[in-house]
Each structure stands twice: as C-alpha cells, then as structure tokens.
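To start, the structure under review is shown below, and the notes come after it.
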Amino acid sequence: MDTNNNSTGELETHKITVLLVDDQAMIAEAVRRSLLQEEDIDFHYCQNPTEAVKVANEICPTVILQDLVMPEIEGLTMVKFYRANSQTAQVPIIVLSTKEEPEIKSQAFSLGANDYLVKLPDKIELIARIRHHSKSYINQQERDEAFRALKKSEARLAEANKTLEKLSSLDGLTGIANRRRFDEMLKQNWHRSIRQSTSISLVILDIDFFKLYNDHYGHQQGDSCLQEVAAILEKTVTRETDLVARYGGEEFVAILPETGQKGALEIAEAMRNNTQEAKIEHVDSKVSDYVTISLGVATAIPERNTNPESLVAAADKGLYKAKEDGRNQVQIGQVVFD
C-alpha cells in the first residue's frame with residue numbers, strides 16, 4: 001500500500017490524492033488495485049478511524065472515502081470530524097456503505113458528505129467519482145489560492161502606493177512636507193475653518209543671509225544647515241494637526257489650524273529662539289554669529305468665498321517687515337480679503 005505522506009501539508013496542483021478510511025484491509029486492497037493504473041492518483045489508506053483526521057492533515061487529500069460502519073467511531077461521526085477540522089472542512093467526502101439506505105444516505109448528506117457509494121462500486125464508476133470530486137476541489141483550491149495571492153498583491157500595491165504618496169509629499173532634502181503637501185493642507189484647513197468658523201494661522205520664515213552662508217561654507221554645508229533648521233522647526237511644532245513644510249529655497253512655512261494670533265506668535269517666537277539657541281555657526285551673518293531666522297505671522301477666521309492666498313500674502317508681508325526691521329524677529333501681517 002502507498003502510505004507516503006505529503007509532509008509539506010500543501011495540495012499538489014493537478015494531483016489527485018485519495019484517503020480511504022476503512023477497517024477492512026481487503027476493501028483497501030481492492031480500492032488500491034482499482035486505482036493502480038491511474039498515474040495521477042495517489043492512494044493512501046488509514047485503518048484506524050481515530051487516526052484519520054491526523055492522516056488527512058498530513059497528506060491533504062483531494063477526496064476522502066469514508067466507510068460507514070467502523071469500530072470505535074462510526075462513519076457519520078467521522079464526517080462531522082472532517083467538517084469541524086479546518087484543513088478538511090472543504091475536502092469532498094464519499095461515504096461507503098454495504099447497502100442503499102435512503103435514511104442514512106440523507107443523514108450523510110445533511111452532515112456534509114458529498115457522495116454515497118455502495119461498496120465496492122464498479123472500478124470505472126469509482127474512478128469517475130474520485131476524479132469528479134477531486135477536480136472540483138482542486139479547482140476551488142486553486143481559485144482560492146489565486147484569490148489570496150491577488151489580495152496579497154493588492155495589499156502590497158496599496159502599501160507601495162501609500163509609501164509612494166507619502167514620499168511624494170516630502171521634501172527630498174529636509175524630509176519634512178514639501179510645497180505640494182503644504183498647498184493641499186492649506187486648502188483643506190482653510191475650508192475646514194470656514195465650516196467651523198475657527199481661526200487659522202500661518203507662519204512664513206526664511207534663514208537670514210542664507211546666500212552668504214552658502215558662499216562661505218559651500219552648498220553641501222548649506223544643505224546641512226537647511227536640514228538642521230527643518231528639524232528644529234518640526235520639533236518646535238508639536239501638535240499633530242500642525243504642519244511644517246519647506247516652501248522653497250531657504251523658506252519654510254507652518255500651518256497652525258485652530259490657532260489665534262497670540263498662539264501663533266508664541267510658536268513663531270519659539271521657532272526663532274530655538275534656531276538661534278542651536279548655535280549653527282554663520283560668520284558672515286550681519287545680525288549674529290549664528291544662523292537666525294526672520295518670520296512673518298498671519299491669522300484669519302476665513303469667510304465664505306475667500307481663498308487661502310490672502311493668508312499667505314499677509315504672512316509674507318510680515319516676513320518682509322521682519323527683514324526690513326533688522327531680521328531675526330517675528331512680525332505680523334494683516335489679512336485682507338478681496
């Protein structure tokens with residue numbers, strides 16, 4: 001008898017695997033002989049019903065031939081066990097009986113059996129039924145596997161797209177939000193403020209005399225300076241709803257939803273102070289021995305049919321005033337709606 005087990009526990013594609021569970025060795029030999037010439041059919045035999053589920057888990061049959069009358073555990077109870085076991089829950093079961101018994105046949109089908117044969121059936125009929133049920137099962141398994149593979153592929157694609165979207169919203173040099181992300185979030189927060197009648201503040205800043213910094217230290221060191229300042233700004237702004245972004249060149253912006261002018265000024269001043277306290281050397285600066293920033297702040301409670309460009313323009317005016325007044329300071333710009 002062929003009792004080789006499939007230790008991997010995996011279904012072989014297009015391979016029919018039969019498990020016969022019957023206490024009579026004579027029946028097992030007869031079935032084995034019937035299937036002997038079928039090269040694509042693997043035959044396995046289990047004489048002890050208490051071992052049947054374990055054997056089924058090991059060989060992963062495509063069809064189970066289950067004897068109806070057995071010692072210790074009857075065949076219909078075995079059908080229940082197969083259906084309760086996750087690995088055999090969908091495996092086709094052909095119940096084998098010594099005679100046609102409509103009531104028992106009906107009960108077998110109600111418990112989950114797929115077919116009912118009086119043993120021993122004709123060889124051609126037995127093979128035909130084994131092939132029919134096995135092929136249906138294999139096809140379903142392959143469809144399920146293809147579906148699972150598709151779902152995994154979709155999940156990987158969704159994760160990749162999510163990562164790509166995240167990367168596309170970040171500034172390549174500093175790692176903080178880029179101009180595109182800033183524009184999107186400003187529009188979203190502006191419209192939310194209109195709906196909720198809440199304040200929104202904006203801070204625009206740039207590094208003082210950054211061209212002189214680049215000329216003296218070189219562009220590579222200039223990039224490092226931008227990265228350090230970006231990190232300082234992000235650390236200063238702690239709320240998850242706030243956003244710090246690189247606006248372009250040495251300019252940065254911060255969106256502060258639900259923040260009034262007083263709160264915005266406090267955050268801007270903290271940004272200025274933290275940058276100066278970092279003591280990033282800048283020997284060519286005209287206001288300090290270290291890197292400093294100038295900031296413009298604007299606050300508004302947006303009205304309907306207005307756009308966020310008015311907030312940007314006001315903050316930009318504040319930044320211009322900070323530069324005009326000597327840099328390394330915070331100034332307010334007044335929002336004017338058109």
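Read-outs: derived from the displayed coordinates by stated rules, not from any lab. What you are looking at is a predicted structure, and each value in this text was computed from that prediction instead of being measured. Counting neighbours? That spans all protein chains shown, and the Cβs are built from the backbone with ideal geometry, glycine included.
Of the residues N161, L202, P61, the one whose Cα sits farthest towards the positive end of the charge dipole of the chain is L202 (charges of +1 on Lys and Arg Cβ, -1 on Asp and Glu Cβ, taken about the Cα centre).
The modelled label-to-label distance for the pair N57/S136, using points 7 Å beyond Cα in the direction of Cβ, is 2.7 nm.
Each Lys or Arg adds one and each Asp or Glu takes one away; over the other residues whose Cβ falls under 9 Å from the Cβ of D206, this sums to -2. At full extension, Q227 and D284 could sit 18.6 nm farther apart than now, given 0.36 nm per residue minus the alpha carbon distance. Computed over neighbours whose Cβ is under 11 Å from that of A155, the net charge equals +3, Lys and Arg +1, Asp and Glu -1.
List the GluC sites (Glu not before Pro) within segment 45-119 that DSSP assigns to loop and that have no more than 16 neighbouring Cβ atoms inside 10 Å.
When the GluC sites (Glu not before Pro) of segment 45-119 are filtered for loop state and at most 16 Cβ neighbours within 10 Å, E72, E74, E100 remain.
Its relative contact order, with pairs defined as Cα atoms under 8 Å and 6+ residues apart, puts segment 193-338 at 31 percent. Placing +1 on each Lys and Arg Cβ and -1 on each Asp and Glu Cβ, with no other charges, gives the chain a dipole about its Cα centre of roughly 820 debye.
In this structure, the residue pairs whose Cα-Cα separation is over 32 Å, taken from K152/K235; K135/K162; K54/K135; K162/K323, are K152/K235; K135/K162; K162/K323. According to the calculation over all Cα-Cα pairs in the chain, the P(r) per 20 Å bin from zero is 25, 25, 10, 25, 14, 0 %. Compared with the dominant principal axis of the Cα atoms in the chain, helix 261-277 is inclined by about 90°.
The mean sequence separation of alpha-carbon pairs under 8 Å and at least six residues apart, normalised by the residue count of segment 16-155, gives a relative contact order of 23 percent.
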